Structure formats: structure tokens, C-alpha cells
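This report concerns only the one structure given below.
The values are calculated or read from the model by the stated rules, or taken from the named source; none is laboratory data. The model shown is predicted, which means the values in this text are computed figures rather than measured ones. Ideal geometry is used to build each Cβ from the backbone, glycine not excepted, and the neighbour counts take in all protein chains shown. For accessibility, only protein heavy atoms count, side chains too; no ligands or nucleic acids. Shrake-Rupley method; radii C 1.70, N 1.55, O 1.52, S 1.80 Å.
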Amino acid sequence: MENVVVLIVGAGPAGLATAACLTQLSIPYVIVEREDCSVSLWRNRAYDRLKLHLAKEFCELPHMSYPADAPTYIPKALFIKYVDDYIECFSIQPKYLTSVESSTYDREKKVWSIAAHDMAECKRINFTAKFLVVASGENSAENIPVILGLQNFLGETIHSSRYKSGKSFSGKSVLVIGSGNSGMEIAYDLATHGVNTSIVVRSPIHVMTKELIRLGMTLAHHLPLNLVDKLLVTGAKFMFGDLSRHGITMPNMGPMMLKSKTGRSAVIDVGTVGLIKNGIIHVQGSISKIMGNKVKFQSVDEISFDAIVFATGYKSTANMWLKNGESMLNDNGLPTKEYPNHWKGENGLYCAGLARRGLAGIAADAKNIANDIKSMISSMSG
């Protein structure tokens with residue numbers, strides 16, 4: 001049995017940021033991670049051409065800036081190096097290959113009782129913790145939608161987490177399902193590698209340039225969001241024209257307000273829109289069913305594909321191991337409370353990085369959690 005003050009579950013950006021903030025306040029903690037490395041999503045499940053979609057000033061972890069000569073939009077390799085430097089700077093030592101199996105709150109002893117599996121040693125470890133931080137991420141498990149006939153599809157199916165590059169699909173026909181940032185960028189990557197590419201766009205989306213989003217995030221500190229949104233939508237229409245005739249419609253709510261209210265991000269164009277306008281990437285509507293290697297769309301079109309890439313996101317797995325967490329998380333393992341009050345539950349339970357607010361949201365959560373734990377400890381000893 002290990003008795004700890006704070007147990008952090010997950011060594012992604014949220015867990016590491018929380019660890020650094022606790023270190024700054026001299027609060028001891030233990031951090032556990034089920035994978036064999038930190039930020040495993042970035043190291044093992046990110047496509048080659050990935051860059052941070054937001055400018056670096058919105059993507060820093062607490063208490064450490066990017067190097068002065070870093071580009072405005074940080075590529076995957078540089079972000080991983082930044083994380084490694086961050087771990088070294090704050091002497092963070094995650095217990096890797098340690099998977100939390102259950103955690104319950106002991107009301108008598110007023111501690112969290114956590115059972116974990118040490119996969120390297122093949123043994124069980126038990127912790128008690130005064131404070132428990134859920135930092136296992138909203139990107140823990142692949143989310144694959146239910147589609148009639150999918151299990152009998154004759155081609156290859158992969159989730160975006162296993163997609164690396166369009167090279168291996170050259171000369172084939174590939175359907176991308178999901179029109180968020182990953183889906184749009186994967187479609188672009190496939191098309192530029194000589195793949196006959198289609199993408200499913202089912203719901204309205206905002207398409208912006210990275211410069212427009214940077215401008216919007218900067219102006220949001222000084223102007224009302226609805227005014228910022230008017231500027232961004234006008235800018236997007238000027239840049240891209242009317243995309244509705246290409247199968248892409250805009251939501252009624254503006255991009256900044258939509259992010260604030262729902263956590264849904266605008267798509268930051270990497271060149272996909274140009275290829276859609278030129279007819280190189282084909283936009284499709286909703287799928288009605290799959291038959292063999294043919295996909296039948298609700299528009300009645302029937303098209304054959306060699307592969308389907310699911311850029312349909314992830315889901316949180318926190319509810320699989322967290323019991324007594326209903327004060328903080330809903331049935332989907334995401335916060336019940338509205339941002340910015342989402343990060344705190346009852347009985348010393350916290351969550352970092354589950355508010356769909358990117359790295360800036362993670363940094364804010366980590367600081368809030370560490371400060372709150374400090375004040376709780378002070379009141380206990382006072």
C-alpha cells in the first residue's frame with residue numbers, strides 16, 4: 001500500500017502540467033500512466049504532418065515557454081521535445097505501464113482507495129490518496145460510429161490514431177469519415193499522395209485560416225465574442241467564398257461562441273478547401289449503409305472504396321475505473337459542470353484536460369487544481 005497526498009492518473013499534457021504546478025507549490029504527488037511513455041497520443045497515435053493548430057502562445061504548459069526560436073505553429077517533433085524538456089525541468093517521474101483499475105472514495109478514512117496493475121512486474125499496486133486528479137484525457141479510446149454493414153466492409157478500416165501518411169494508400173480510393181481538423185487534414189494528406197479521396201461532411205462546420213483563429217483568440221481578450229465572430233465569419237467568407245455549393249455549410253453560431261458553448265472547434269484549413277473547390281477531394285453527405293466495398297450515401301450515390309479512415313475522435317475512459325465520481329463526470333466521462341467550473345468534484349476529486357479547451361484549458365485546469373489542493377491542505381493543518 002502506497003499512501004500519497006495526490007495521485008495523478010495520466011501522463012499526457014494535463015497530468016504533466018498538474019505535476020509541474022504541484023511541484024511549484026512543494027506538494028508531493030505520484031503520477032501513473034498506463035502506456036510506456038508520456039504524451040502517448042502525440043508519440044504513437046498522431047499522423048506525421050501534424051502541427052499544433054493554434055499559435056504557440058496559446059499552447060504553452062504552465063511555467064515554461066517554448067524556445068524563442070520556435071516557429072509560431074509547433075510541429076509534432078518539436079512539441080514532443082518540449083514535453084521531454086518539461087518533464088526534465090520539473091523532475092516529473094511517471095510510473096509507466098501502470099493501469100488504474102478502480103478507485104473508490106472511503107468515507108470513513110476520507111481518502112481515495114485506488115487499485116492499479118503494474119504491467120511490467122505483473123502485480124497489483126494499491127494507493128490511498130487524499131486528492132485524486134483524473135488526467136487520463138478525453139482521447140483515451142477510439143470512437144467508431146455504428147454504420148449499417150461496416151463489419152462486412154471488404155476494404156481496410158483504420159481510426160485516425162493509426163493513420164501516419166497517405167503514402168501507403170497511393171493510387172487507391174479512400175473515404176474519410178469525420179470533418180474536424182484531423183479528418184480535413186488527413187483528406188488533404190491522402191489527396192497530395194495521389195489518393196482518390198472523398199470526405200463525409202454531415203454537419204455544418206466553420207472553416208478558418210490559422211491566422212484568422214489567432215486573430216480571434218487575441219481579440220477575444222478585448223472584445224465581445226459575438227463581435228469577434230462577425231469579423232471571423234466575414235474574413236472566412238472573403239478567403240473561401242461560399243462553400244455551400246461544395247457541400248460545406250456554416251453553423252448559425254459563430255466559431256468562438258460555438259467553441260465556448262460546446263467545445264467544438266473550427267476547422268483550420270491546411271489546403272483542403274482548395275482541393276475540394278478544384279474537385280480533387282469529393283465531399284459526401286451522410287452514409288446510409290455499406291455493402292461489400294461499396295458505400296451508399298443518403299444522396300443515393302453508391303461509390304466503391306478500398307479503405308475507410310475514421311477521423312471520428314475519441315472518448316474518455318475515466319468512468320471505466322472511477323467510482324464515486326458522479327459529482328464531477330457524466331456518463332460519457334466528461335465534466336458535468338460548465339466551463340470554467342468543471343475541474344473540481346467532491347472529496348478531493350479533480351479533473352484536468354477534460355473541458356475540450358486544448359492546451360490553454362489544460363494549463364488553466366492544472367493551476368486551479370494545484371492552488372485548490374494547496375488551500376485545502378492549509379485548511380486541514382490550520
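Do we have any residue at all in region 81-93 that's open to solvent by 60 Å² or more (accessible area, probe 1.4 Å), in a loop (DSSP other than H, G, I, E, B) and on the phi < 0 side of the Ramachandran plot? Checked region 81-93: at least one residue is open to solvent by 60 Å² or more (accessible area, probe 1.4 Å), in a loop (DSSP other than H, G, I, E, B) and on the phi < 0 side of the Ramachandran plot.
A363 meets the conditions (1) at pLDDT 95 or above; (2) in a strand (DSSP E or B); (3) farther than 25 Å from S113 by Cα in every case but one. The failed one is (2).
Looking at the structure I just gave you, is T18 of a type in the set (V, I, T), touching a strand residue (DSSP E or B) at 6+ places or on another chain (Cβ under 6 Å), assigned to a helix (DSSP H, G or I) and touching a residue at least 24 places away in the same chain (Cβ under 8 Å)? The answer is yes for T18. Restricted to region 107-132, and to residues there that are closer than 19 Å to I27 by Cα and not charged (D, E, K, R), the residue that is surrounded by the fewest Cβ atoms within 10 Å (Cβ to Cβ) is T128. Within region 300-324, the only residue that satisfies the criterion of being assigned to a strand (DSSP E or B), more than 26 Å from V6 (Cβ to Cβ) and open to solvent by 60 Å² or more (accessible area, probe 1.4 Å) is E302. If you go through region 10-30 and keep only what is open to solvent by 10 Å² or more (accessible area, probe 1.4 Å) and more than 17 Å from Y82 (Cα to Cα), you end up with T23, Q24, L25, S26, I27, P28, Y29, V30. I'd like to verify a number: residues in region 261-299 that are exposed (fewer than 14 other Cβ atoms within 10 Å of the Cβ) and of a type in the set (V, I, T), how many? Qualifying residue count, region 261-299: 1. If I ask for residues that are over 15 Å from T262 (Cα atoms), surrounded by 18 or more Cβ atoms within 10 Å (Cβ to Cβ) and of a type outside the set (A, V, I, L, M, F, W, C), which ones from region 325-352 would you list? Listed by number, the residues that qualify are G325, G333, G345, G348, Y350. Scan region 31-50 for residues that are buried (at least 19 other Cβ atoms within 10 Å of the Cβ) and either out of contact with any helix residue (DSSP H, G or I) (no Cβ under 7 Å at 6 or more places or on another chain) or over 30 Å from D269 (Cβ atoms) (or both) and the total you get is 7. Taken over region 133-143, the criterion of being in a strand (DSSP E or B) and either open to solvent by 30 Å² or more (accessible area, probe 1.4 Å) or among the polar types (S, T, N, Q) (or both) is satisfied by E142 alone.
The residues in region 353-382 that are among the β-branched types (V, I, T) and open to solvent by 50 Å² or more (accessible area, probe 1.4 Å) can be counted, and the count is 1.
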